[in-house]
Structure formats: structure tokens, C-alpha cells
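Inspection log for the structure reproduced underneath, given as C-alpha cells.
The values are calculated or read from the model by the stated rules, or taken from the named source; none is laboratory data. This one's a predicted model, so the numbers in the text were calculated from it and none came from an experiment. With ideal geometry, Cβ positions are generated from the backbone for all residues, glycine too; neighbour counts draw on all protein chains shown. To get the accessible areas, we keep the full protein, side chains included, count just its heavy atoms, and leave off ligands, DNA and RNA. Shrake-Rupley method; radii C 1.70, N 1.55, O 1.52, S 1.80 Å.
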Amino acid sequence: RDPKTKKENPCYGLPATLFLHTIQTKHIECMVSKRKAEGDTPATIKHEIGLISSTLREMQRLGYKTNRDVVFPQLKTSYRLRYLDSNDEAALLRELDPNTVRSGVKTLEARTPEMQRNIQDNYDLVIMLLDTGCRYSEAANLPWTAVNLDAGTLNIYRSKVNNEDVLFMTDRLREVVLRRHADRRPDA
């Protein structure tokens, strides 16, 4: 039910009365065909199937009875891998610039030190991500011991492929790292 209108929300997919341990391939096939008829994209349907599949695997792991013969369809999803061009990157950095006043953000004078630090942190993180190609977790978890200011390098541990890369800092990233290193807490 919708919390405001109290109207019943239509619920497509698996029947509300269906118990997880009784799910069969026919239920999944029916759900997929209803989702396609609604106009849902294959990626949306694929996420829903993944949730059901993961739930059933977790139930099995915990020792609950489930139907192990359920066949989940393989949906083809198409997406376009897109990179930022120089104009996109410049626009992003203009929006994140900590010294710019923009809609929805307090003026420089009205910002608390914590707010200004958070805005600067976001800007610095985006520079790091743009200039290294790191994943967020790789950049956010980078210890100072992995930074070589003299050589201008970063030792990045790539958890997804279980290896370590040495990346050279761009001039822009080097400025960010030098400023952050000078401003860091003594215990960091």
C-alpha cells in the first residue's frame, strides 16, 4: 500500500502468496514475461532475477529447503560504456569546485569548517579517480604509506584482480596529494 494514499500498489512478478521454497522455473518465466510486457528493461529484470537467485542460494547455505532445480534465464543487456571527454570533465570539476558558490550550497562565509572540508574532500576524491582510474574503494582506502611524494607514485592494491600497481601522479593529482599531506592529522 502507498503510505500516503493507502491505495494498493500493483505488484507484478511473483505472487505474494508464493513461498520462497516452492519457487519453480515456471514462476520465474512468468515473472520475466510480465516484466517484459510492462516494458521493463532487460537490466531491471536481470537485477530482480539476481536478487531471487541470491536469496535462494543464501537459504540453501543456511540449511533451508529450496528447489535447487530452478532455471534462471540469461537475459542479454546492452549498455554503452561511456567516458568523460575533456568538456564533461571540466563541467564536473566546475560543479564540484570547493570555492564556487552554486545553487543548493551555502555561501563560502556561511559554510562550517566541516562542510568546507567535506566539499574539498569530494573534489579531491574526484581528481584522484579521474587521474588514476581507481575504483572508489581503492582510492578511499589508500594509506599514506602507499604514497611516494619524492617519486610521484602511488602503490595501489587492486583487490578485484589481487595485484598491486604503481601509478604515476599527474601534476594536478600531485598538487592535491601534497596539500592533503601537509594538512593531514599527525596520527594519520
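Given the criteria of a type outside the set (Ser, Thr, Tyr), surrounded by 12 or more Cβ atoms within 10 Å (Cβ to Cβ) and assigned to a loop (DSSP other than H, G, I, E, B), does VAL71 qualify? So VAL71 fails the test. THR55 fulfils the conditions (1) part of a helix (DSSP H, G or I); (2) without any contact (Cβ under 8 Å) to a residue 12 or more places away in the chain; (3) hydroxyl-bearing (Ser, Thr, Tyr) except for a single criterion, (2).
Can you confirm whether ASN67 is of a type in the set (S, T, N, Q) and under 30 Å from GLY133 (Cβ atoms)? Here the answer is no, as ASN67 does not meet what is asked.
Apart from one condition, LYS46 fits all of (1) closer than 30 Å to LEU130 by Cβ; (2) at pLDDT 85 or above; (3) part of a loop (DSSP other than H, G, I, E, B); (4) not aliphatic (A, V, I, L, M); the exception is (3). Considering only residues in segment 105-163 that are part of a strand (DSSP E or B) and at pLDDT below 90, the one that is least open to solvent (accessible area, probe 1.4 Å) turns out to be ARG158.
With respect to VAL101, is the statement that it is open to solvent by 50 Å² or more (accessible area, probe 1.4 Å) and in contact with an Asp or Glu (Cβ under 9 Å, 6 or more places away or on another chain) true? Criteria not met by VAL101.
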